[in-house]
Every structure is written in C-alpha cells, then in structure tokens.
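Undergrad: There's a structure below that I have some questions on.
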Amino acid sequence: MHPFVRSGLLAATALVSTSAFSSGAHAADGAESAAAVDATAPDQTTSIGTGANDTNDIVVTARHRAESSQTVPLAIAVIGGEHIDNTGSLNVGRLQQLTPALQFYSSNPRNTSVNIRGIGAPLGLTNDGIDQGVGIYVDDVYSARVASATFDFLDVAQIEVLRGPQGSLYGKNTTAGAISITTRQPTFNYEGRAEVTVGNLGFIQAKGAVSGPITDTLAVRIAASRTTRDGALYNVTTNQDVHTQDNLGLRAQVLWKPPDALSITLAGDYSQQDPRCCATVYARTGSTQRPIYRQYAALAAAQGYVTPSTDPFDRLTDVDASLSARNKIGGVSLKAKLELPNGDTLTAISAWRFWRWSPSNDRDFTGLPITTKSQNPSQQNQYTEEFRYTHSGEGLDITAGLFGFYQTVRTQGMQRLGSAASRWLLNPGNIAATYLTTPAACVTVTTRACNPATLNGLTSANDIHLDNLSVAFFTQLAGHVTDRLTIQPGLRVNYDRKKGYYNATVTDQAGAPVVFSAGNSNTRNDQLTQMAPELFEPRFSAWNVSFDLTARYDVTSDVHVYATYARTFKTGGINLNGVPAAADGTPLLEYATAKPERLNHYEGGIKTQFLNRTVTVNLAAFLTDIDDYQAIVNNGAVSALRGYGDNAGKARTKGVEWDTSWRPGDQFNVYLNGAYTDAKYLRFANAPCPPELSGGGTGMPIGASGAPGANSPATCDISGAPLPGLSKWSLSYGGEFNQPVGTLFGKDAHVYVGVDGNFRTRFSSNASPSAYTWIARYALTNVRAGLRTDLGIDIYGWVRNAFDVKYFELLQVAPGSTGLIVGTPGDPRTYGITAKVRF
C-alpha cells in the first residue's frame, strides 16, 4: 500500500475517533451541510438557463463550503446535471460549448489539452513531464492528466468551472483554473433514474442510477452508462468508419453515516473507451521552403498517390496504419468528513487512480507507407491524499489543507518507418528533380533517397519512466472586516520533485543497432537524421511559495464587487519525448528540464441580480502575465524526437467575461455568456517556425515565406503572436420555453422547446501561427423539443449542429515540411430522441 493511501486511512480512523466528541445536534447540521456540499439531493443546484429544475439561487462548493455562486468572489461557471444531459455534453470536451472561457483540443485522448483563458497546457504533443495548468477534480479527487479524465460524464449533479488561479483552495496547484465535477451521492431515500437515447450515425446511449439505504446508517448508489456510435469519418483503405464511440462507465458509492456528525464515503469507478480512432483528413496544402519537387504535390505524384478527397467535409481518410485509442480509467477513493461541535469540518480524502492507454495511429496522415507503426502505450498510477479543515464564523472563515500526490508513468513507445519513407523524408542533396518526379528514372539511379531500403523497417523503441511527487500546504482566510467588506488572503507552500528516464534505441530492418559512429556509412547517417538513439535521466525539484489576496464588498444584498491579485506558479517540467542532441548524438541536457512558470494575476468583477433576482449579470476583467511560459517545441520531422518542453520568454492573457441570464418565471429562461480574450506571446524569440518558413536550406540569406528552395531560419521570433487555440470572441447562449398542457397520470405535464448554441471567432491551430492553420469562425446551434411531467418522465427529440455547419476542431501540420495540412472535422448534423425517467 502506498504511504499516501495508508496515511489517508489513518486520517479517516482519526476522524472516527474524534466523532465521539460531536453532539447529535451538530450531526443534524452536518447532514444538511453534506447534502448541500455533496449534492445528495438531485439537481438541487442546477444552473440558470438549463431547464425544469433551475432555480435563481445557485449553490456552489468552490471554496469547500456550500454558498451562493453570487457571493463567491471569483469568476465561476456553474453547469447543472440537467443542462449537461439536455445539451449532449458527454465529457470535458463538450464543456467548451457551454463555457466560453474554456478551450479543449484533442488529436487523441493522450494528446489532449484543456485551457482556461488560453493558458493551462501547451497545444501539441503531450509530454508527461509537463504539468497541466487546469485542475480536473471529481468529488474532490484530482486527475493528473487530461487524458485520464476523458471519460463520459456519469451521474453528474453539477460542474463548476473556476477561472483563474486556485492554488490556495485546491490540493494540486492550478494556475489557469479548475473544473470541479460533483456526482450525485448515495441517499437515505430510494430513488433512481434511467435514460435511453437513440440517434443517427448508429448512436445508442443508455444510462441509469439507483440509490437507497441498506440500513439506517448505510446507503448505496450505483450508476452505469453505455455508449456506442458509428464514426463520422470513413477510411477507404480499411472500409471502416473512424472516430467511433464504444464507451462503458461504472460507478459505485457506499455512504456510512452513523448517528453522529461523521460520514464516510467509499467510491469506485471504472471507464473503458475502445473507439476506432484517431484519423485526420486532407485539409489543404501550403507552400514551404523545401524544393518544389520535395513538396507534397510532387512527392505524391512521384509515388502515384492520390488522396481520396480534397474536400475535407467529404469526411474521407485513407490512413494505412492500424488505429486504436483504447482507454481504461478508474480508481477508488475514501472520503471521511467530520462536523465538529463548533461547526467546523475536518475532511480526509485518500484516492488511487489508474489510467491504461493502448494506442496505435498513423503519424504520416496519408495512405502511403511512410510511418507504418506509431504507438506509445502508457500505464499511469496516481495516489493522492488530502486533509482539509474548514471553519465558518462571524468574523473569520478558514480553509486549510495538506495535500500529497505521487504519480508513476511507464510508457513504451515504438515507431517504424515503411517503404515510402526514404523518398518522402530524405534530403536528396543535388539530385536532379527528374529523378524524384519520374518513378522509372528513380528506380534506375543509385541514390539513397530513391532506395526504399534506406529507411524501410527503421524502428525506434522508447522506454520512458516518470516518478512525480508533490506535497503542499495551502490555506485561505476570509476576514469579515465589516458586514459588507471581506478581505481574503491565501497562501500555498509547495514542493515538487520529478525523476525521469528516457531511453530510445534504434534498429534497422535487419535488427542491427543504429548508433552514432565516426565510421558510419552514408546510409546509416541518413537513418540517424530520422531516428536517433538517446539516453538521459532528467531531474527537477523545487520549493515554491505563492499567495493571493482578494477583497469583496457587498454593495447591497444583490450587488457584490471583488478584486484579486495572485502571485502563483506552475511547476517546472522534465522532457520525456527526447531532447535535441549534438552532432555526435550526445543529448543537450540544457533542454532536459523546463523552468517553472511564474504568474502575476489581476482580476476584478461585479456580480449583480435585480428584478426580484430574475435577472443575473456578472462581469469579470482579468490580466495575467506569465514569465517563462512553458511551450511544446516540435521539430516537425517524423522522428523519435516528438516534441520537448521549453520556456518562452513571456506571455500575457487579458480580457473581459460576462455571464447573464433572465428567468422571469417557471415557463421561460434565457442566458448569454461570453468572453473576449486577448492572449499572446510577449516574448518568444526561439520558437519553432511555421511550415511556410521551414524545410529549406541552412545557409544565408533566409528566403521569403513559402518560397520553394529558399533557406529556412533555425528558429523564429513570434513575439506578439497570439497563443494557439484561443478565439478572441466566444459566446454561449440558449433558452427554453415550456407550456402546461394538463396532467398525465395525475401529474402536471409541460411541452417545451429549447435552443442552445455557441460561437467562436477564428483561432490558430498551430503553436507558431501559420497562414495555413487558422480555423475559421463558426457557430453551432442545437435544438430540442419534448414533453416532461412532474412524475419524472421526460421525452424529447434533439438536433445538434442543426444547420450542419462545416468546421474543424483541429488542424495539424503533417511532418516533413511537405506543406500538407490535415484536419479533424467537427461532427456533422446529428439528431435523435431521448427518454428519461426519475423515480
């Protein structure tokens, strides 16, 4: 048993002992508090604008106590379980359609990033040694990697998206914000819910949950979901749909609540995803600085290759490597909560979580045998322990906690090149263009670039280890200076230690080692330009102290203003995808680590309600300066060096956000939330170059952008350029109207129609902005109409992306500087019917 788990069990035992001093009266108070904080009452805190069970008083637990979202002095979006279901928000990726400040990007589950206000995780290939800046919590249990939180939402009561640094409130330091997911908890009254959905593309989803008491002190809740769907893309090579869904989710919780102020919840969950995923489609080509006969059109013609379609929204791909994105995610947690006689609360949370990742993909993005195998199966285990104390008093509120985190990641990477790799990847030197554009001529000429055997079968195998330890003390105080003024300082003391191991070995088709040597042949040196052996063991450790200060002033009972300053950090990283090397293959260890990010964050906001609290208008303005911004640098080649973390000089994000809603009565509600965000690199002089400034020679002078045969810079200065993945303007909006139509089985019945949508202006889909990788603005609209009754029955039809908007979720630059741009199209119009019952 890991020490963190052992200490958590001891902490829970200590809480049991301490409970002997708690009175029965406080036990009753504690039950009410637990109901609010743990959402044992279904849908009691759903957000405005979501449907039948909305209220104008939204209860949140962002600060580990139940309080109104309007009085919490931070920018927070609250999404109720009913809204999640009605809008088809299956997972974290769909949340960005409901929360304008959130950005989600994924080329596969592992290569996934979640950002808030444009910051959090670098856009690009995932590096396990680089932390995320957005914390994802499920029932207070932290998930270390976004990929390990890509499960379908299951029996969710509420989601809170906290914007801005949260290091003095939450266990793991989060510089961009946090996503706190609260599931429905076991109840001491019998209840259940079931939901079945069918739709086009073969979509079938079934979800259900039951809850109730076993004894007077023991309650159980069990939930399950199953989702299948055909793919939205079609692979003409395998004659199969791609981007299918095949998901299973299970969750069980046992609540023990003896007749005092103690409650203990044991929870376990398991999620399995086995889609045929992930592929891209041809999006476009753009001119690079590679010789014209070495760019995509000429290379494809020389090998007789024709893409299945040049219209990406034909949704056709022809990738020839096997595809898999199998995920297994799960864990166990033990949460003990004790209400003390003075109303204070002690909480201990111990958890173990695992993630098993079994991928296979086609890294050349074409139907040619360039890369025939690319996979990085990974096994993660994480252990967390949190011990937290909360106090609410007339003059002072206190939250204080100790947090421990330990993570192990073991990854076994493999990449193999095929028979088309030599001609596609190798620099032909002074070979005449005709030898590369005329297949017959190439066969008769002895040249390494024309000889498939040069790179065919070349294989890189990687053994990667990460051991990651983090411990912290955090506290936040709220001093009530007057009835209207509250001063809230926070402090975090944090220690991080990371130990890594990276060992890449390279072999040729015959299995012989490929190594750096003064006596190497030209063929061997060609192979080393594509895959290089490397061994190094990066280390990082550091103490960090961060703090924040917030002032809140209650102008009236319905008007609240606040201002915040935070000095915080994101811990340093280690590179586990390989690092640049010297000419003799020696790793350049100055690239083995990335320095911590240091942030200065400023924010001010106002939260208002008026017209008898039927109208809510909340505004927030923010500015965050980031020194030593962590970015992923990719060398653009098909090689073992997939991408490494480095520090840009400085970045900044600033903007204004608003959340507005109007609910004049039970029959009608509308909401409009938006964000204007301006995020850019203030200083990044050594950035990777965009494709139009890559692929050329290494001499001087540097050629014009996109000029074939010109010289390319080694790095590019992109200071002033926008951060990737972020639209300047983003909106989410919706509304619902319902009309009583009498009774059904003795209960009131209503017909209703609802609309929700989101809009984004264009954004860059490449770490260094390129003219070829801007994703155009788009707006998505979803509609639903149905019948619901007070009996708990709800049947509705729905259409998502109702206007069949053609848009990209992601564009990527294909390796090799050929000018090929590939994309992941968003889902087309989908439709279906859902039937739900609660009992």
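Undergrad: Please tell me if T174 is under 26 Å from the mean Cα position of the chain (by Cα), among the hydroxyl-bearing types (S, T, Y) and either at pLDDT below 95 or buried (at least 18 other Cβ atoms within 10 Å of the Cβ) (or both).
TA: yes
Undergrad: Could I ask something else about it? Residue under question is D646, and the condition is that it be open to solvent by less than 30 Å² (accessible area, probe 1.4 Å) and without any contact (Cβ under 8 Å) to a residue 60 or more places away in the chain; does it hold?
TA: Yes: the conditions hold for D646.
Undergrad: In addition: In the range 593-624, how many are assigned to a strand (DSSP E or B), under 25 Å from A121 (Cα atoms) and either among the small types (G, A, S) or in contact (Cβ under 8 Å) with a residue 40 or more places away in the chain (or both)?
TA: 11
Undergrad: Quickly run through the range 177-221 and pick out the residues that are among the small types (G, A, S), buried (at least 19 other Cβ atoms within 10 Å of the Cβ) and under 26 Å from the mean Cα position of the chain (by Cα).
TA: Of everything in the range 177-221, those that are among the small types (G, A, S), buried (at least 19 other Cβ atoms within 10 Å of the Cβ) and under 26 Å from the mean Cα position of the chain (by Cα) turn out to be G177, A178, S180.
Undergrad: Hey, among the residues in the range 388-420 that are open to solvent by 50 Å² or more (accessible area, probe 1.4 Å) and under 26 Å from the mean Cα position of the chain (by Cα), which one's nearest to Y501 (Cα to Cα)?
TA: R410
Undergrad: Give just the number: which of (1) more than 30 Å from D140 (Cβ to Cβ); (2) modelled with pLDDT of 95 or more; (3) of a type in the set (S, T, Y) does T347 not satisfy?
TA: Of the numbered conditions (1) more than 30 Å from D140 (Cβ to Cβ); (2) modelled with pLDDT of 95 or more; (3) of a type in the set (S, T, Y), the odd one out for T347 is (1).
Undergrad: If you don't mind, another one. Mind checking which pairs have a first residue in the range 315-327 that is touching a residue at least 40 places away in the same chain (Cβ under 8 Å) and a second that is assigned to a strand (DSSP E or B) and among the β-branched types (V, I, T), Cβ under 6 Å, 6 or more apart or different chains?
TA: Once the first residue is touching a residue at least 40 places away in the same chain (Cβ under 8 Å) and sits in the range 315-327, its partners that are assigned to a strand (DSSP E or B) and among the β-branched types (V, I, T) give T317/V281; A321/T372.
Undergrad: Mind listing just one residue for me: the one in the range 760-771 that is assigned to a loop (DSSP other than H, G, I, E, B) and over 11 Å from S730 (Cα atoms) and, of those, most open to solvent (accessible area, probe 1.4 Å)?
TA: A771
Undergrad: Given (1) within 23 Å of K328 (Cα to Cα); (2) modelled with pLDDT under 85; (3) of a type outside the set (D, E, K, R), where does N86 come up short, assuming only one miss?
TA: The single condition N86 does not satisfy is (1).
Undergrad: If L201 satisfies all but one of (1) outside any loop (DSSP other than H, G, I, E, B); (2) at pLDDT 95 or above; (3) over 30 Å from L426 (Cα atoms), what's the number of the condition it fails?
TA: (1)
Undergrad: Anything in the range 98-142 that is open to solvent by less than 10 Å² (accessible area, probe 1.4 Å), in a strand (DSSP E or B) and among the small types (G, A, S)? List them, or say none.
TA: Within the range 98-142, S113, G135 meet the criteria.
Undergrad: I'd like to verify a number: residues in the range 802-823 that are modelled with pLDDT of 95 or more and open to solvent by 10 Å² or more (accessible area, probe 1.4 Å), how many?
TA: Going through the range 802-823 one residue at a time, the tally reaches 7.
Undergrad: Would you confirm whether or not the range 777-799 contains a residue that is basic (K, R) and more than 19 Å from P312 (Cβ to Cβ)?
TA: Yes, there is a match, as at least one residue in the range 777-799 is basic (K, R) and more than 19 Å from P312 (Cβ to Cβ).
Undergrad: Follow-up. Which of the numbered conditions does D241 fail, given that it passes all the others? Conditions: (1) within 30 Å of L334 (Cα to Cα); (2) among the charged types (D, E, K, R); (3) not in a loop (DSSP other than H, G, I, E, B).
TA: Every listed condition holds for D241 apart from (1).
Undergrad: Looking at the range 671-695, which of its residues are among the small types (G, A, S), surrounded by fewer than 24 Cβ atoms within 10 Å (Cβ to Cβ) and under 24 Å from the mean Cα position of the chain (by Cα)?
TA: Result: G674, A679, A687.
Undergrad: Can you name the residue in the range 265-280 that is part of a strand (DSSP E or B) and of a type in the set (A, V, I, L, M) and is also surrounded by the fewest Cβ atoms within 10 Å (Cβ to Cβ) among such residues?
TA: By that ranking, first place goes to L266.
Undergrad: Every residue in the range 478-510 that is touching a residue at least 24 places away in the same chain (Cβ under 8 Å), more than 30 Å from N577 (Cα to Cα) and open to solvent by 60 Å² or more (accessible area, probe 1.4 Å), please.
TA: Of everything in the range 478-510, those that are touching a residue at least 24 places away in the same chain (Cβ under 8 Å), more than 30 Å from N577 (Cα to Cα) and open to solvent by 60 Å² or more (accessible area, probe 1.4 Å) turn out to be D483, R484, I487, L491.
Undergrad: Test Q185 against the stated conditions and say whether it is touching a helix residue (DSSP H, G or I) at 6+ places or on another chain (Cβ under 9 Å), not in a strand (DSSP E or B) and not acidic (D, E).
TA: Considered against the rule, which asks whether it is touching a helix residue (DSSP H, G or I) at 6+ places or on another chain (Cβ under 9 Å), not in a strand (DSSP E or B) and not acidic (D, E), Q185 comes out as yes.
Undergrad: On the basis of being open to solvent by less than 30 Å² (accessible area, probe 1.4 Å) and either touching a residue at least 24 places away in the same chain (Cβ under 8 Å) or more than 28 Å from T475 (Cβ to Cβ) (or both), does L535 make the cut?
TA: No: the conditions fail for L535.
Undergrad: Could you tell me which numbered condition V471 fails, if it satisfies all but one of (1) surrounded by 22 or more Cβ atoms within 10 Å (Cβ to Cβ); (2) at pLDDT 90 or above?
TA: (1)
Undergrad: State the number of residues belonging to the range 342-387 that are over 30 Å from L316 (Cα atoms), open to solvent by less than 10 Å² (accessible area, probe 1.4 Å) and hydroxyl-bearing (S, T, Y).
TA: Result for the range 342-387: 3.
Undergrad: Still on this structure, I have one more. What tally of residues in the range 823-839 results from selecting those that are aromatic (F, W, Y) and closer than 20 Å to R784 by Cα?
TA: 1
Undergrad: Being in contact (Cβ under 8 Å) with a residue 24 or more places away in the chain and open to solvent by 20 Å² or more (accessible area, probe 1.4 Å) is the filter here, so list the residues in the range 83-95 that pass it.
TA: D85, L90, N91 - these are the residues of the range 83-95 that are in contact (Cβ under 8 Å) with a residue 24 or more places away in the chain and open to solvent by 20 Å² or more (accessible area, probe 1.4 Å).
Undergrad: Let me confirm something: among T112, T99, which residue is closer than 24 Å to T677 by Cα and over 12 Å from the mean Cα position of the chain (by Cα)?
TA: T99
Undergrad: In addition: One residue is enough: does the range 302-312 have a residue meeting the conditions charged (D, E, K, R) and free of Cβ contacts under 8 Å to residues at least 60 places away in the same chain?
TA: Yes - at least one qualifying residue is present in the range 302-312.
Undergrad: If you take the residues in the range 281-340 that are surrounded by fewer than 18 Cβ atoms within 10 Å (Cβ to Cβ) and among the aromatic types (F, W, Y), which one is farthest from S422 (Cα to Cα)?
TA: Only one residue tops the list, namely F313.
Undergrad: Only one residue in N738, N782 is closer than 30 Å to A77 by Cα, touching a His at 6+ places or on another chain (Cβ under 7 Å) and open to solvent by 10 Å² or more (accessible area, probe 1.4 Å), so which one is that?
TA: Just a single option satisfies the conditions, and that option is N738.
The values are calculated or read from the model by the stated rules, or taken from the named source; none is laboratory data. Keep in mind it's a predicted model, so treat the numbers as computed, not measured. Counting neighbours? That spans all protein chains shown, and the Cβs are built from the backbone with ideal geometry, glycine included. Quick note on the areas: whole protein, heavy atoms, side chains included, nothing else; ligands and nucleic acids left out. Shrake-Rupley method; radii C 1.70, N 1.55, O 1.52, S 1.80 Å.
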